[in-house]
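Engineer: Got a structure here, written out as structure tokens. Questions coming.
Just so you know, all these numbers are worked out from the coordinates, no wet-lab data involved. Fair warning: this is a prediction, and the values are worked out from it, not measured in the lab. Positions of Cβ are backbone-derived with ideal geometry, glycine not excepted, and every protein chain shown enters the neighbour counts.
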Amino acid sequence: MTGIITDILPFSVNDGPGIRTGIFFKGCPLSCRWCHNPETQRPGPQAMVLPSRCTGCGTCASACPTGARGAHGEMDSSRCTGCGACVSACPAKACRISGTAMTPGDVLARILPDKPFFRGRGGVTLTGGEPMEQAGFVLELAALLREEGIGVAMETSGCAPAEAFRAVLPYIGLFLYDWKMTDPEQHRFWTGRDNALIRKNLEMLHDSGAEIVLRCLIVPGVNDTREHFRGIGELTQDLPRIRRVDLLPYHALGNNKRTQLGLPADGFSVPEEETVRGWQEELRSLCRVPVCR
Amino acid sequence: MRGYLAWDDAHLEDSLDPEFRYTQAYKDSSGLSPAARELKCLEIFLPASVAPPREGDLLAGRRMFRPLGVAPSYWDDDTDGLDNVSFYADLGRLERVMNRPSQTPENREKIAGLIDFWKTENVNAKVRAKFDDEMKREMPSDLWAQDSGVIFGLYRLVFSQLDYDKLVRLGLPGLRAEVSARMADETLSEDQRDFLQALCSLTDLMTAILGLYEQQFRRALEDGADPARIRPVLDSLGRLQTGAPACFRDALQLVWVYSAMTGGRDFGRMDVYLGDLYARDLDSGALTEEAAIELLLSFYRLMKETDSRDGRIIMGGLGRRNPENADRVSLAIMKAGIRFRELKPEFSLRMYKGLSEEVIGLAMEMLGDGMTYPLLFNDEASIRAVEKTMHVSPREAEQYGFFGCGEYVLGHRSIGTPNDIINLAKALEVTLHSGTDPVRGCPHGLNLGAPESFDTFEKLLDAYRRQVEYFTAIAARHQRLVYDTVRENGAMLLMSLLMDDCVERAKPLVGGGVRYLAGTYETYGNTTVSDSLLAIRQLVYEQKLLSLRELVDILDADFEGHEDLRMKLLHCPKFGNDDPDADAMARAVNTHVFETTARQAQAQGLSSYLVVMINNGANVDLGRNTLATADGRHAYTYLSNGNNPMAGMDHNGLPALLRSIASTRMDLTAGTAQNLKLSADLFRKHPDVVRDLIDTAFDMGILSLNISVMDRGEMEDAMLHPELHQNLFVRVGGFSARFVTLDKGTQADMLSRALY
């Protein structure tokens, strides 16, 4: 079995306790407009172009079999099949393919050198993209990691079949569970899907005894609303084993990747520090658990 | 920045009397032994260096350096910034005093006489006068920061760690008694007796110096200074003239005065020698922690205001006779440091399994506060490395100390001053230019053939190695020559009195006295060379993209018109990414220079001669005279630093970086310092991660970590608005600095290094 992985990032310290290695899965059932890893949305491999290296020579256009590259190297993501012809052709090494097919063993081999850093506290965080889009792969990898005594956390949108979650549950020590919007229609508008399944899975994991940290990305003008904040607060009341709420203010780093994918900027604005502090205070007043940044 | 705090030119204009008397004494004593002659000079020089106290001083011991004197190393940035050893002469300062418009013609003539005399009599000049032909050819200049060359000599006896524990236990009278007892030995030679007699007189001189400080403080009292502050100083100075330190204050007082008079900058295992008196005073109620912190703050102020370099305080580590008391005083030492919040002292913590968590916790607090201190040493691994490279027992190795960026010495048992530096990138450059320095346009090093003659990579590698071996042999001879010249001219009495086994052997420091006479050799551009060699191997010899001659021509032209090739060179594997090829090449380059260096010890009669891979700003200075290199580095820009990847070339994450670093045979060196820049955010939000990181790095065998906690945004802003960031401290390697005081090149180098 192989999975499609976009990146393996050692020394990740913001996605679970201790020193962790992040495994980024490609493919996501949602299409959040603010996504900061836009290259992980589509399931298959695809090309990315580094504008700082691209000289506009057009060699890639001649090499590309699907016409995804313009005369000066412009990128049309929708036509890219990720074949890699542009990567071999580019004289400036400006192109790369995001998404590599790897077996669970391949991934494990990349993780093992970092094991001394985990020290019983850290471990591996499966993220993406949505790891549960590749649930079979997750299951195999998680079993290998358990054999090695390496703890596993998963960052998930919660948008996957309940039985898939039930299958991986015994292997996952911590769920970093996204809660994007409380209002189902708004959720559908901004992410492409409503949140009914997400809410149901959250309750199921909670009731099954999973360790859960709620992750709330707040985007100005999208979900920085009293109603959503109250919704987060209520979740922490209703599901008492949610350990903590992580407040993640929107950042614009995804735009850099959007450029590399030939996509326009997402158009959202980064909140001021003072605004974020206000959000944190408001959430603290509504939540039963710590609200951290 | 100036070396020691010195009397300014205006003050010296009409007070050069000590210099004239000193010079006369030096001339008059030419028939005496070096020890006796040095004593005669010290008797004039030291009292003339005593300076009055300042408001708020809780300890005596302000001293000002004079343009002529004796020191392990004197330097003056207003002159040339170079180290001067033993009998030094700050000719630049004398010239400036002579040329002051208000100077009288008679005085001018007298000063010209001084300059004329000392021009050839200072020990640096005497070393140079004894250069052999090879040294003359290959070391034409000492100005390593300005001139082009592969090797440069330094002239100093720096960073020796005196036995302050003995000083505190015995006091000056006790030391005198010890020396006197040794003199009863009837088998001593005349030279030995002469040396011991000089040491006895030295203790008398030091006692007299305490008396001079006592007078100064008495005067301050008469001038209306607060008796509550002055009287304890007077009492302490009085006690110390007749006995050993009786309390914490006495110990600090005596150590400071002795160190200031020596011109020492290293305070060794302060927790050990202060620990017992501190604990006793605290337990008896004679001292509070707060009062101890006040005294330490006064000590730190004296340190900061006397000398701009170093000031190392070591805490922790195995081999302490009093770990509990030592840990107690360590807490006060660090608390005072956090309050002081300056670049000095340089706190260092030897971390071992079992060290008090309270001490470690306070150290982490200090680091998290952005102070760049303490430097952290991997105690178990350091002891093993010292044992192996210095050929000593584990028990002796436990007493290792270090200086600057982590160069090991054996506390009060060895001299290991780094007196030569090599620019390895320049060694490769002259090899590729048939034994000429293309920057100076003159012969330099061995001519091992034109680029065309290196038809295999192995031939090129072999030629580079022979070049490094050639220069290293010269450097080792220079190290020896400095010691020999120091021995012929003086005895370094103040150091000899507190270094094993000078009294026992009745021999001066470098005249057979010190138990281990060693040396160290600073290497720069190590990674620049290994990354370059790998790129050459891949592009020239494996892929055959171009010939070596073509590459050399492109490097000489700084890649002009060949940006595409530069990109290809940059994309070759680089050290710092856990890449097997890049790490193997780095290991080959490093192990070669480590072993080449170590082999010189026997020929030069040194107990060891070892590489120190340190990381000060010399990589920037040496880079300014180095052409473009095959790793893709532009001409005249900074070289790689210490055992670090080339700045900005580590992009595979911190674990990969640490694995690369750990692959270096650090156990063959006398120390490799590793800078690690961590974000303030990481320290604030994830202290447990920081601790895991340190513990893992040490488990991997990394010898020491210099941690800077910083914020890239703050550094960028500090380059634009320096006035707003006076308190931004950064670790340059051998020292910490205020970021805003660094030159732009070093600032850019720091900014380009990865921050995790």
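Engineer: What list of ³J(HN,Hα) values in whole Hz, one per residue of the range B:69-81 in order, does the Karplus curve 6.51 cos²θ - 1.76 cosθ + 1.60 (θ = phi - 60°) give from phi, with Gly and Pro shown as x?
Structural biologist: Per-residue couplings from phi come out as x, 10, 7, x, 6, 10, 9, 9, 5, 5, 8, 9, x Hz.
Engineer: Something else about it: Tell me, which longest segment in chain B has none of the GluC sites (Glu not before Pro) that fall in DSSP loops with at most 11 further Cβ atoms within 10 Å?
Structural biologist: Longest stretch, sites excluded: B:187-559.
Engineer: Mean residue ellipticity at 222 nm from the helices of chain B, using -39,500 (n - 2.57) per DSSP H segment of n ≥ 4 over the full residue count, to the nearest 500 deg cm²/dmol?
Structural biologist: -16000 deg cm²/dmol
Engineer: Hey, any idea what the orientation-averaged projected area of the convex hull of the range B:307-358's Cα atoms comes to, in nm²?
Structural biologist: Its average projected convex-hull area is 4.0 nm².
Engineer: Report the local net charge at residue B:402: Lys and Arg +1, Asp and Glu -1, summed over other residues whose C-beta lies under 12 Å from its C-beta.
Structural biologist: -2
Engineer: Follow-up question, since we're still on this one. Could you give the size of the charge dipole of the range B:1-80 about its Cα centre, using +1 on the Cβ of each K and R and -1 on the Cβ of each D and E, expressed in debye and rounded to the nearest 20?
Structural biologist: Once rounded to the nearest 20, the dipole reads 460 debye.
Engineer: Could you give P(r) for the range B:9-153, binned at 10 Å from zero, as whole percent values over all Cα-Cα pairs?
Structural biologist: Here the calculated profile for the range B:9-153 is 10, 35, 33, 18, 3, 0.
Engineer: Follow-up. Using helices alone, what [θ] at 222 nm do you get for chain A, with -39,500 (n - 2.57) per DSSP H run of 4 or more residues, divided over all residues and rounded to the nearest 500?
Structural biologist: Per the formula, -9500 deg cm²/dmol.
Engineer: If you don't mind, there's one more thing I want to ask. Holding the Cα-Cα limit at 19 Å, pick out from A:180/A:200; A:93/B:677; A:26/A:257 the pairs that are longer than that. Spell out each step's value before the answer.
Structural biologist: Working: A:180/A:200 14 Å; A:93/B:677 29 Å; A:26/A:257 14 Å.
Violating the 19 Å Cα-Cα cut-off are A:93/B:677.
Engineer: While we're here: What is the range B:275-384 by shape, rounded, prolate or oblate, if you read a ≥ b ≥ c off the alpha carbon gyration tensor as root eigenvalues and call it rounded for a/c under 1.5, prolate for a/b larger than b/c, and oblate otherwise?
Structural biologist: It comes out oblate by the Cα gyration axes.
Engineer: Hey, another quick one. Under a 5 Å amide H to amide H cut-off, with H placed in plane at 1.01 Å, what residues pair with residue B:268 once short-range neighbours are removed?
Structural biologist: Correct list: B:314.
Engineer: Quick one: angle between helix B:17-28 and the longest Cα principal axis of chain B, in degrees between 0 and 90, rounded to 10, please.
Structural biologist: With rounding to tens, the tilt is 80 degrees.
Engineer: With a ≥ b ≥ c the root eigenvalues of the C-alpha gyration tensor of the range A:58-125, is it rounded (a/c under 1.5), prolate (a/b larger than b/c) or oblate?
Structural biologist: Since a/c reaches 1.5 and a/b is larger than b/c, the shape of the range A:58-125 is classed as prolate.
Engineer: Here's something else I'd like to know. Whole-Hz ³J(HN,Hα) for each residue in the range A:158-164, computed from phi via Karplus 6.51 cos²θ - 1.76 cosθ + 1.60 with θ = phi - 60°, x for glycine and proline: what do you get?
Structural biologist: x, 9, 7, x, 4, 5, 5
Engineer: So which trypsin sites (Lys or Arg not before Pro) in the range B:9-89 are both in a DSSP loop and have at most 15 other Cβ atoms within 10 Å of their Cβ?
Structural biologist: B:54
Engineer: Here is a further query. Residue A:7's amide H: which non-local residues (gap 5+, or another chain) put their own amide H closer than 5 Å, with H modeled 1.01 Å from N in plane and none for Pro or chain starts?
Structural biologist: A:24
Engineer: What Kirkwood hydrodynamic radius do you get for the range A:141-286 when you take the inverse of the mean 1/r over all pairs of distinct Cα atoms, in Å?
Structural biologist: After inverting the mean inverse Cα-Cα distance, the result is 16.6 Å.
Engineer: Related question: Any idea what diffusion coefficient the range A:1-113 gets from Stokes-Einstein, in µm²/s, Kirkwood Rh on alpha carbon pairs, 10 °C, 1.306 mPa s?
Structural biologist: In µm²/s, the coefficient rounds to 103.
Engineer: Rounding to the nearest 20 debye, state how big the charge dipole of the range B:169-307 is about its Cα centre with +1 on each Lys and Arg Cβ and -1 on each Asp and Glu Cβ.
Structural biologist: 180 debye
Engineer: Next up: Taking every pair of alpha-carbon atoms in the range B:114-244, give the share separated by more than 25 Å as a whole percent. Display every interim value, and only then the final one.
Structural biologist: Details: 4931 of 8515 pairs.
I get 58 percent for the Cα pairs in the range B:114-244 exceeding 25 Å.
Engineer: To the nearest whole percent, what portion of all C-alpha pairs in chain B is separated by more than 39 angstrom?
Structural biologist: Across chain B, Cα pairs with separations above 39 Å total 36 percent.
Engineer: Using only the Cα atoms of chain A, what semi-axes does the equivalent ellipsoid have when each is the square root of 5 times a gyration tensor eigenvalue? Give whole Å, largest first.
Structural biologist: They are 33, 24, 17 Å, listed from largest to smallest.
Engineer: If you don't mind, another one. Take the Cα atoms of the range B:463-578, build their convex hull, and give its volume per residue in Å³.
Structural biologist: That works out to 174 Å³ per residue.
Engineer: Based on the alpha-carbon set only, what is the convex hull volume of the protein assembly as shown divided per residue, in Å³? It would help to have the intermediate numbers written out before the result.
Structural biologist: Numbers: hull volume 201.8 nm³, N = 1049.
Expressed per residue, the convex hull around the Cα atoms of the protein assembly as shown is 192 Å³.
Engineer: Further question on the same structure: Quick one: compute a quarter of the convex hull surface over the Cα atoms of the range A:46-97 and quote it in nm².
Structural biologist: Averaged projected hull area, Cα only: 2.7 nm².
Engineer: If contacts are Cα pairs under 8 angstrom and at least 6 residues apart, what is the relative contact order of chain B in percent?
Structural biologist: 14 percent
Engineer: While we're on this one: For the range B:78-126, what does the alpha-carbon gyration tensor say about shape, rounded, prolate or oblate, given a ≥ b ≥ c as the root eigenvalues, a/c under 1.5 as rounded, and a/b over b/c as prolate?
Structural biologist: Since a/c reaches 1.5 but b/c is at least a/b, the shape of the range B:78-126 is classed as oblate.
Engineer: Which of the trypsin sites (Lys or Arg not before Pro) across the range B:516-601 are loop residues per DSSP, with 13 or fewer other Cβ within 10 Å? Walk me through the intermediate numbers first.
Structural biologist: On the way: sites: B:537, B:544, B:549, B:566, B:568, B:574, B:587, B:599; in loops: B:544, B:574.
Qualifying residues, ordered by number: B:544.
Engineer: Another question, then. Across peptide B:698-704, how many C-beta atoms of other chains are within 10 Å of each residue C-beta, on average?
Structural biologist: 1
Engineer: Taking only complete DSSP H runs, can you tell me which helices of chain A stretch 15 Å or more along their own long axis by Cα positions and average at least -0.5 on the Kyte-Doolittle scale?
Structural biologist: Going by DSSP H runs, the hits are A:135-147, A:196-207.
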